[in-house]
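> Below you will find the structure I want to go over with you.
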Amino acid sequence: MFSLFKKFKDGLTKTVAAIAAKTHGLFGGRRIDAASLDELEEALYTADFGVETTTEILEEIKTAYRQDPSLQGRQAAEIGAAVLQRVLAGAEGTLAAPAAKPTVIAMIGVNGSGKTTTTAKLAHKMKGDGQTVIVAACDTFRAAAVEQLKSWATRLGIDLVASHTGADAAAVAFDAWQAAKSRGADWLIVDTAGRLHTKSNLMDELAKIRRVLQKNDASAPQHRWLVVDGSLGSNSIEQAKVFHQSFGLTGLIVTKLDGTSRGGAIVGIYRQLKIPIYFIGLGEQPDDLQPFSIANYSRAVFGLD
């Protein structure tokens, strides 16, 4: 458990450092005062926690400060973490054992979100947990996507069904489902396109993949996860809304949190959409894709142990 928390803390270093810099190390042991509360407010906005969450955190700290004027920064950090845990209640996505074989996860997201890489990392994690996985390379529109996934599959020993760039993505998905069924695979992870000529083209393509999968299994894809780039901050909320309206998202994966100081955006995304967060990306290595933990996240962003 400690090593998992360390991954969260290390992965959110830039967010923690940015908050510490703006608050002049408030959580390291300084006492709370009016100036430090102003600094904290600015730091939380900069980290993209949003108006609602920032207001809730500050109000609770101010209440505690009025009751105890000797309140320390460390105590304020504990209050902030407790508020985040309350706001994020219900945000942890729990992946149950597959009821049907294969159970399909459609990976959705715009180019640049880390979708293809995350697909490979997720398959790697499932394989490491003793489950059988097949990946379908259905981002056939982007020239590098199929080759990128092939490279990851070779490196990590992942079973892959792929065709050439420009192939019919729905046909690849159909073949992959058939392969997964014949091999008794637990999971089929479908990497979908992140861009086509227009947004409507993209949504039509996703709908086509869904229809074709449902010819094999009416309930597929059982999971429809949006991969969002955490460094985009609150801008990712609008992106998530569009995909949710078109495809009925069942989960989120937030990537690239190690490369941004805007790690608070994850809270705003959940507050707006109430879609569970299954995994977060905390680094570039395969094992840096970690199940989302409310407790670990809430304590890590405030620099707590």
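Quick note: the coordinates plus some simple rules give every number you see, no bench work behind them. This is a predicted model, so every value here is computed, not measured. All Cβ positions, glycine included, derive from the backbone under ideal geometry; neighbour counts span all protein chains shown.
> Under a 5 Å amide H to amide H cut-off, with H placed in plane at 1.01 Å, what residues pair with Leu160 once short-range neighbours are removed?
Sorted by chain and number, the residues that satisfy this are Val135.
> Also, I was wondering about something else. Can you give the net charge of the other residues whose Cβ lies under 14 Å from the Cβ of Lys127, counting K and R as +1 and D and E as -1?
Values: positive: Lys121, Lys125, Arg155, Arg183; negative: Asp129, Asp159, Asp186, Asp287.
For residues surrounding Lys127, the net value is 0.
> Using θ = phi - 60° and the Karplus form 6.51 cos²θ - 1.76 cosθ + 1.60, what ³J(HN,Hα) does each residue of the range 39-44 get, whole Hz, x for Gly and Pro?
Working through the residues one at a time gives 4, 5, 4, 5, 5, 5 Hz.
> Pairs Lys127/Lys274; Lys7/Lys127; Lys101/Lys121; Lys150/Lys215; Lys115/Lys208; Lys9/Lys256: which exceed 23 Å Cα-Cα?
On the way: Lys127/Lys274 29 Å; Lys7/Lys127 20 Å; Lys101/Lys121 20 Å; Lys150/Lys215 26 Å; Lys115/Lys208 19 Å; Lys9/Lys256 14 Å.
The answer is Lys127/Lys274; Lys150/Lys215.
> How big is the antiparallel share of DSSP beta bridges in the range 225-305, given as a percent to the nearest 5?
On the way: 3 of 11 bridges.
DSSP beta bridges in the range 225-305 are roughly 25 percent antiparallel.
> May I pose another question? Considering the Cα trace of the range 99-240, what is its radius of gyration and what is Dmax, both in angstroms?
Here Rg and the maximum Cα pair distance are 14.1, 43 Å.
> Specify whether the C-alpha gyration tensor of the range 29-84 places it in the rounded, prolate or oblate class, a ≥ b ≥ c being the square roots of the eigenvalues: rounded for a/c under 1.5, otherwise prolate if a/b is larger than b/c and oblate if not.
Values: a/c = 1.81, a/b = 1.51, b/c = 1.20.
It comes out prolate by the Cα gyration axes.
> What size of dipole, in debye to the nearest 20, comes out for the range 2-87 about its Cα centre when the only charges are +1 on Lys and Arg C-beta atoms and -1 on Asp and Glu C-beta atoms? Walk me through the numbers on the way to the answer.
On the way: 11 positive and 13 negative charges, 98 e Å.
In debye, rounded to 20, the range 2-87 gives about 480.
> Still on this model: Could you derive backbone 3J(HN,Hα) for the range 153-158 from the dihedral phi with the Karplus parameters 6.51, -1.76 and 1.60 (θ = phi - 60°), listing whole Hz in sequence and x where the residue is Gly or Pro?
Coupling constants for the range 153-158: 4, 5, 5, 9, x, 9 Hz.
> Excluding Thr118 itself, what net charge comes from residues whose Cβ is under 14 Å from its Cβ, given Lys and Arg +1 and Asp and Glu -1? Intermediate results must be reported in sequence, preceding the final value.
Values: positive: Lys115, Lys121, Lys125, Lys256; negative: Asp139, Asp191, Asp229, Asp258, Glu284, Asp287, Asp288.
Net charge around Thr118: -3.
> Could you line up Lys274, Lys9 from fewest to most neighbouring Cβ atoms inside 10 Å? Kindly include the intermediate steps, with their values, before the conclusion.
Details: Lys274 9, Lys9 19.
Ordered by Cβ neighbours within 10 Å, fewest first: Lys274, Lys9.
> Provide Leu232, Leu188 in ascending order of the number of other Cβ atoms located within 10 Å of each residue's Cβ, fewest first. Provide the component values of the computation, followed by the final result.
On the way: Leu232 21, Leu188 32.
Listing Leu232, Leu188 from fewest to most nearby Cβ atoms yields Leu232, Leu188.
> Among rounded, prolate and oblate, which fits the range 119-182 when a ≥ b ≥ c are the square roots of the eigenvalues of its C-alpha gyration tensor, a/c under 1.5 means rounded, and a/b larger than b/c means prolate? Don't skip to the answer; put the middle values down first.
On the way: a/c = 2.67, a/b = 1.35, b/c = 1.98.
In terms of gyration-tensor shape, oblate.
> Can you list the residues, at least 5 places off or on another chain, whose amide H is less than 5 Å from the amide H of Val227, using H built in the peptide plane?
When sequence neighbours closer than 5 places are left aside, the close amide H contacts are Ile108, Gly109, Ile253.
> Report ³J(HN,Hα) in whole Hz for each residue of the range 198-211, in order, from the Karplus equation J = 6.51 cos²θ - 1.76 cosθ + 1.60 where θ = phi - 60°; Gly and Pro get x.
9, 4, 5, 4, 5, 5, 5, 5, 4, 5, 5, 4, 4, 4
> On alpha-carbon atoms, Rg over Rh for the chain using Kirkwood Rh? Let's see the in-between values first.
Numbers: Rg = 20.8 Å, Rh = 20.1 Å.
For the chain, the value is 1.03.
> Over the range 2-87, calculate the relative contact order: mean separation of alpha carbon pairs under 8 Å at least 6 apart, over the residue count, as a percent. Don't jump to the answer; show the numbers that get you there.
Details: 68 pairs, mean separation 28.2, N = 86.
Relative contact order of the range 2-87: 33 percent.
> A further question follows. Contact order normalised by length for the chain, with contacts defined as Cα pairs under 8 Å and 6 or more residues apart; what percent is it?
Details: 593 pairs, mean separation 82.2, N = 305.
Computed value for the chain: 27 percent relative contact order.
> Run through all the Cα pairs of the range 184-299 and give the fraction in each 10 Å bin from 0, expressed as whole percent.
12, 42, 33, 12, 1
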